[in-house]
Ligand SMILES: [Zn+2]
């Protein structure tokens, strides 16, 4: 059976990257908890900016969840098995998206 050590390392470093990103976002958002006494235009810009940061944060959290799930599947030996239909996921696809849990067919269905 093929070992996924290489991809495991790849996933772990990707995970670190997202963790750093979340840290950076949190520093940035905490920064902004200064009393609001600016004019309206500036306030609007600020909350828009916060929305962007929150969206980035959400995205990073979601990615980490997917990466964790992929790491778990590697440990369980089900890494290259589609979680939806049980077929194997092509290794080409796993190379491109190492945290995917769906084969190309199911991923296409899910995106519609
Ligand atoms: Zn599938």
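The values are calculated or read from the model by the stated rules, or taken from the named source; none is laboratory data. Because the structure is a prediction, the values reported are computed rather than measured. Every residue, glycine among them, receives a Cβ derived from its backbone with ideal geometry; neighbour counts consider all protein chains shown.
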Looking only at residues that are assigned to a loop (DSSP other than H, G, I, E, B) and surrounded by 10 or more Cβ atoms within 10 Å (Cβ to Cβ) in region 27-59, which one is modelled with the lowest pLDDT? 36
Condition first: surrounded by 16 or more Cβ atoms within 10 Å (Cβ to Cβ), part of a helix (DSSP H, G or I) and in contact (Cβ under 8 Å) with a residue 24 or more places away in the chain. Now tell me which residues in region 100-111 satisfy that. 106
Output for Cβ contacts, cut-off 8 Å, separation at least six or different chains, first residue touching a residue at least 24 places away in the same chain (Cβ under 8 Å) and within 14 Å of residue 11 (Cβ to Cβ) in region 84-97, second assigned to a loop (DSSP other than H, G, I, E, B) and within 13 Å of the ligand (Cβ to nearest atom), reads 94/80; 94/100
Within region 60-99, track down each residue that is within 11 Å of the ligand (Cβ to nearest atom), surrounded by fewer than 18 Cβ atoms within 10 Å (Cβ to Cβ) and in a loop (DSSP other than H, G, I, E, B). 83, 84, 85, 86, 87, 90
